[in-house]
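Throughout, read-outs are computed from the coordinates displayed, never taken from laboratory work. Source: prediction; values computed, not measured. Here the Cβ positions follow ideal geometry from the backbone for every residue, glycine too, while neighbour counts run over all protein chains shown.
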Amino acid sequence: METLTARLRKTSHRARTALRKSAVDYFRGDASDWLAFGGLILTVPAITWGTLLLPVWFSPSALVLPIVAGGLLLRPASLLALYAAAATALIVEALALGPYTEGPARVTPGTILVVAACGFFGLVIAQFRSRVGVPWRRGGTMLFDLRERIRVQSKLPALPRGWHREMALRPAGGQSFSGDFVVAARTNGGRTLEVVLTDVSGKGMDAGSRALLLSGAFGGLLGSLPPRDFLPAANGYLLRQDWDEGFATSIHLVLDLETGDYDLLSAGHLPALQLCAGTGRWQERSGEGPLLGVYDGAAFEAAHGNLRRGDVLLLFTDGLVETADRDISEGIDRLTGEADRYVTSGWEGSTWHLIEKVAKDVNDDRALLLIRRSP
């Protein structure tokens, strides 16, 4: 038979587990807000009591503190109950302290306006959180998780010896979300590198949600289909979304890591640039195809090439080379001119520096991908 100590230990363990689960649910936003509501509703009489007894230290406007906290913590229904308690406290303070013309620390019309204004903004915030369904405790974490998922999905796989790859991505306006993204994978038993660079219509936060959805879908398609079927499948997926601003440009690189042969398939994207080590000249490489999400049944023609020892291939989006006062050809000339500086010094960290040199203050998403075959 269990001893009394064992039963007490089991009871204590169940209580700790229930309390821990309740706390986790609360901070995830899955639990009731009764705990926060109880704590805030008790602060209202406490503040009222302090205002009546110590008016020098407690002001009637201190009631905005639980109101602001309630706007962040409570659901709209609980928030209205807290507002009713705060209004009652103001009435009690006004009756107990007397007319505001008789001295300081009285309930003035300005005090009522400040409390009412804070209550209005708190209610707006609570209504927005209730409609979105994301509590404030998890909202920032969710955005952080979304940003990290985009970053992980854009991470390039490791390449065998003799190859160097790097990428830099700069969202518009210094934001955390971008309409440009990259998905990459090694297929065919690791022999082939497939990279897709996509530029979603829009920029920054406006295009970030669509970029996240497309990056997940494109990541699932990449490697699951033959390379020539990827862009037609991506085009069909984008058409099914039926977005008002639902087009995107994309370039798909299929690179044989043993021979250096590659295919480039383009969906309305800017051409890639290849530096031929033998001549020191840059050449444009691009396939043919329409924008993604424009019409069904689109065909995409591949361009063929080869990366020899010392050659460099650049893939980029239009934010890097096109501005309101500079056309694409001029921007490409400037990009290649800056890139020539790294031929002798090495290409480590070059993508980040190239964006800094060519398009540092451009209010558009910028992405640059570099692949180099070592000499």
Discussion item. So, R0 is 51 Å and r is the distance between the beta-carbons of ALA84 and TRP352; what FRET efficiency does that work out to, to 0.05?
Written reply: 0.35
Worksheet, complete the sentence: GNM of the chain, Cα pairs under 10 angstrom: of GLY39, GLY260, GLY208, the biggest fluctuation goes to GLY39
Worksheet, complete the sentence: Pseudo-spin-label distance ASP333 to THR187, built 7 Å along Cα→Cβ, given in nm, is 3.8
Fill in: Most fluctuating residue given options PRO171, PRO99, PRO76, as computed from a GNM of the chain linking Cα atoms under 10 Å
PRO99
Discussion item. Among GLY190, VAL358, THR3, which residue has its Cα furthest toward the positive end of the charge dipole of the chain, with +1 on Lys/Arg Cβ and -1 on Asp/Glu Cβ?
Written reply: THR3
Practice prompt. Can you tell me the alpha carbon radius of gyration of segment 274-321 divided by the globular rule-of-thumb value 2.2 N^0.38 Å?
Written response: 1.48
Worksheet item: log10 I(q)/I(0), Debye, Cα-only segment 295-362, no solvent, q = 0.26 Å⁻¹?
Response: -1.18
Worksheet item: Residues with beta-carbon under 15 Å from that of ASP340, excluding ASP340: net charge, scoring Lys, Arg +1 and Asp, Glu -1?
Response: +2
Worksheet item: Nearest 10 degrees, 0 to 90: what angle lies between the long axis of helix 328-339 and the longest principal axis of the chain (Cα atoms)?
Response: 80
Worksheet item: Kirkwood hydrodynamic radius of the chain from all distinct Cα pairs, in Å?
Response: 25.3
Item to complete: Using the Karplus curve 6.51 cos²θ - 1.76 cosθ + 1.60 with θ = phi - 60°, work out ³J(HN,Hα) for each residue of segment 239-253 in order, rounded to whole Hz, and write x for Gly and Pro.
Response: 5, 5, 6, 6, 7, 5, 10, x, 9, 7, 10, 8, 10, 10, 9
Discussion item. What's the ranking of 355-368, 275-288 by average number of surrounding C-beta atoms within 10 Å, highest first?
Written reply: 355-368, 275-288
Fill in: Segment THR101-GLU258, extension gain: residue separation times 0.36 nm, minus the distance between their alpha carbons
47.7 nm
Discussion item. If you build the convex hull over the alpha carbons only and average its shadow over all orientations, what do you get for segment 216-375? Give it in nm² to one decimal.
Written reply: 10.3
Worksheet item: Rounded to the nearest 0.05, what FRET efficiency is calculated for VAL56 and LEU113 with R0 set to 25 Å and r the Cβ-Cβ distance?
Response: 0.65
Discussion item. Given points 7 Å out from each Cα along the Cα-Cβ axis, report the ALA324 to PHE120 separation in nanometres with one decimal.
Written reply: 3.5
Worksheet item: So if R0 is 51 Å, what FRET efficiency would PHE128 and LYS360 give, r being the distance between their Cβ atoms, rounded to the nearest 0.05?
Response: 0.90
Item to complete: Please work out how much length the chain gains when fully extended from VAL152 to LEU65, using 0.36 nm per residue of separation minus the C-alpha to C-alpha distance, in nm with one decimal.
Response: 27.3 nm
Item to complete: Would you mind counting up the charge near SER374? Only other residues with Cβ under 9 Å from its Cβ, with Lys and Arg at +1 and Asp and Glu at -1.
Response: +4
Fill in: Alpha carbon convex hull of segment 229-300, projected area averaged over orientations, nm²
5.6
Worksheet item: How much length is gained on full extension from ASP340 to TRP49, taking 0.36 nm per residue of separation minus their Cα-Cα distance?
Response: 97.3 nm
